[in-house]
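These notes are about the structure you will find just below.
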Amino acid sequence: MTYPMTDEDRDIQERARKFVNEELIPHEVEAEMNAGEIDPAAKERHTKLAKELGLFAMNMPKSLGGTEMTMFQQTLVSEQIGRVTNALGWVVHTPPAWAPGVVSDEQLQRWIAPTVRGERSECYAITEEGAGSDVDAISATASRDGDEYVLNGTKMHVTSFNHADYAFFQGKLVGGDHEGEHAMFFVDIPSDGLRVVRVPAYSHTYADQHPLVEFKDVRVPVGNLVGEEGGGMAYTYEWFRYERLMIAARCCGAAERLIEEATAFAKSRVQFGEPIIEFQSIAFMLADSVTELHAARLMTYRLAQEIDEGVDVKIQHAHCSMAKLYASEMANRVADRAVQIFGGRGYMRENVAERFYRELRVDRIWEGTSEIQRAIIADQLAKRGTQALAG
Ligand SMILES: Cc1cc2nc3c(=O)[nH]c(=O)nc-3n(C[C@H](O)[C@H](O)[C@H](O)COP(=O)(O)OP(=O)(O)OC[C@H]3O[C@@H](n4cnc5c(N)ncnc54)[C@H](O)[C@@H]3O)c2cc1C
């Protein structure tokens with residue numbers, strides 16, 4: 001596909017593609033067979049290369065040491081990262097881009113700038129047993145006590161807690177002018193009162209875990225409050241928009257890899273004296289897959305460019321939901337077909353289709369389920385009309 005892009009865009013895309021093909025993909029099966037872990041020397045090399053290639057912290061300002069790519073360029077990189085399984089692509093880390101505009105100078109120097117340099121890393125403690133899609137239903141609390149806040153609550157699915165050295169904790173304020181509103185805090189790991197309750201197993205095989213984490217009377221200085229009291233939800237929404245676009249991009253990358261691998265297999269696998277691609281039932285699965293990928297990619301690329309052009313944030317909100325919904329559902333259909341095309345081999349964990357079949361499932365759930373994306377899109381459609389969303 002020859003989508004119009006600058007030489008710089010194409011160079012970034014090629015750099016990311018080469019990194020994924022030559023460095024990351026060769027370690028997939030090793031990771032799958034070792035609970036997501038690979039040789040530490042290889043991991044170190046990947047992290048170093050991600051920085052040298054300018055892919056690490058691509059969403060962060062140059063003044064902090066990031067590479068400040070355009071949204072379109074970030075989409076191109078994420079798409080390539082999506083082509084690799086087992087979260088090996090997470091070495092291309094994107095710290096919270098909303099943070100520099102919100103946090104204090106001290107917080108910037110203590111947490112965000114070291115994260116951009118790859119010296120510290122974060123995790124997000126927002127979801128709870130009683131509050132998933134309905135983030136506003138969280139029961140975690142933050143109470144002011146002199147120069148400190150006291151944090152309480154149990155958080156679920158805290159991705160990368162085992163690798164992070166600080167968490168963004170979201171709770172509702174108790175007392176004060178913003179009683180009942182949300183607030184977000186930096187919490188160092190470890191801290192007194194912070195403990196892992198349980199580490200559940202998930203469908204994918206990643207080195208990053210998603211434990212349940214209890215915050216029991218965790219005391220943090222007032223200086224750990226992110227932005228203002230009552231601001232917690234706004235930062236989460238900004239992050240959702242960004243991640244939804246990046247999920248769409250990664251799903252396009254995954255679908256591309258699956259279509260390439262399944263097509264190569266279908267051309268070489270002979271049954272009944274013919275390559276199976278000669279059977280219409282197989283060929284049509286590939287035809288549907290590549291058609292849907294093309295549509296998803298055009299939607300995703302155009303959205304990224306729209307954001308670079310400064311489109312209204314409400315339209316961005318709807319379009320991020322549309323791209324995430326369509327691309328994640330598309331990639332899941334493609335993975336299902338790829339498993340079918342590979343036959344029994346597609347059910348083996350050493351096969352890329354089997355791994356993606358499990359891994360892509362969560363893209364229809366996290367950062368807002370497909371149902372929540374539809375609710376957002378329908379709401380925006382009712383408010384703004386068809387022309388605004390698909391004009
Ligand atoms: C692997 C993984 C990693 C995660 N990492 C993190 C993390 O790092 N930090 C964090 O805070 N959270 C994290 N999450 C949580 C994730 O964001 C939630 O799982 C997600 O938002 C859905 O919430 P839920 O699982 O509670 O499902 P629920 O909200 O309980 O939804 C259950 C079902 O009901 C549907 N539903 C709910 N409300 C509506 C509605 N209004 N209309 C129609 N249907 C509806 C949903 O679509 C879904 O099908 C992670 C989750 C997973 C699986």
Residue count, segment 4-22 (criterion: touching a helix residue (DSSP H, G or I) at 6+ places or on another chain (Cβ under 6 Å) and farther than 16 Å from T67 by Cβ) = 2
request  = From (1) more than 13 Å from the ligand (Cβ to nearest atom); (2) free of Cβ contacts under 8 Å to residues at least 24 places away in the same chain; (3) part of a loop (DSSP other than H, G, I, E, B), pick out the condition that doesn't hold for A201.
outcome  = (1)
inquiry  = Which count do you get for residues in segment 347-375 that are more than 16 Å from the ligand (Cβ to nearest atom) and more than 15 Å from A255 (Cβ to Cβ)?
reply    = 6
request  = Could you pull out the residue among V226, V222 that is among the β-branched types (V, I, T), touching a strand residue (DSSP E or B) at 6+ places or on another chain (Cβ under 7 Å), under 30 Å from Y166 (Cβ atoms) and surrounded by 22 or more Cβ atoms within 10 Å (Cβ to Cβ)?
outcome  = V226
task = Assess whether P190 counts as being more than 14 Å from the ligand (Cβ to nearest atom), out of contact with any helix residue (DSSP H, G or I) (no Cβ under 7 Å at 6 or more places or on another chain) and within 25 Å of E37 (Cα to Cα).
result = yes
task = Return a yes/no flag: does segment 150-163 have any residue that is away from the ligand (no atom under 11 Å from the Cβ), in contact (Cβ under 8 Å) with a residue 12 or more places away in the chain, in contact with a Pro (Cβ under 9 Å, 6 or more places away or on another chain) and on the phi < 0 side of the Ramachandran plot.
result = yes
ask   = So is V313 in contact with a Lys or Arg (Cβ under 9 Å, 6 or more places away or on another chain), open to solvent by 30 Å² or more (accessible area, probe 1.4 Å) and more than 13 Å from the ligand (Cβ to nearest atom) or not?
value = yes
request  = Taking the residues in segment 172-187 that are part of a strand (DSSP E or B) and away from the ligand (no atom under 12 Å from the Cβ) as candidates, determine which candidate is nearest to E106 (Cα to Cα).
outcome  = F186
Number of the condition not met by E30 [criteria: (1) closer than 23 Å to G54 by Cα; (2) over 20 Å from the mean Cα position of the chain (by Cα); (3) part of a helix (DSSP H, G or I)] = (1)
inquiry  = One residue is enough: does segment 52-61 have a residue meeting the conditions within 25 Å of A99 (Cα to Cα), buried (at least 16 other Cβ atoms within 10 Å of the Cβ), among the polar types (S, T, N, Q) and free of Cβ contacts under 8 Å to residues at least 40 places away in the same chain?
reply    = no
request  = Scan segment 67-90 for residues that are open to solvent by 10 Å² or more (accessible area, probe 1.4 Å), assigned to a loop (DSSP other than H, G, I, E, B) and touching a Phe, Trp or Tyr at 6+ places or on another chain (Cβ under 9 Å) and report the count.
outcome  = 2
query = Which members of segment 115-149 meet the condition of being open to solvent by 10 Å² or more (accessible area, probe 1.4 Å), more than 12 Å from the ligand (Cβ to nearest atom) and more than 19 Å from the chain's Cα centre (by Cα)?
reply = R117, E119, S139, T141, S143, R144, D145, G146, D147, E148
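The values are calculated or read from the model by the stated rules, or taken from the named source; none is laboratory data. Please read all numbers here as calculations on a predicted model, not as lab measurements. Positions of Cβ are backbone-derived with ideal geometry, glycine not excepted, and every protein chain shown enters the neighbour counts. To get the accessible areas, we keep the full protein, side chains included, count just its heavy atoms, and leave off ligands, DNA and RNA. Shrake-Rupley method; radii C 1.70, N 1.55, O 1.52, S 1.80 Å.
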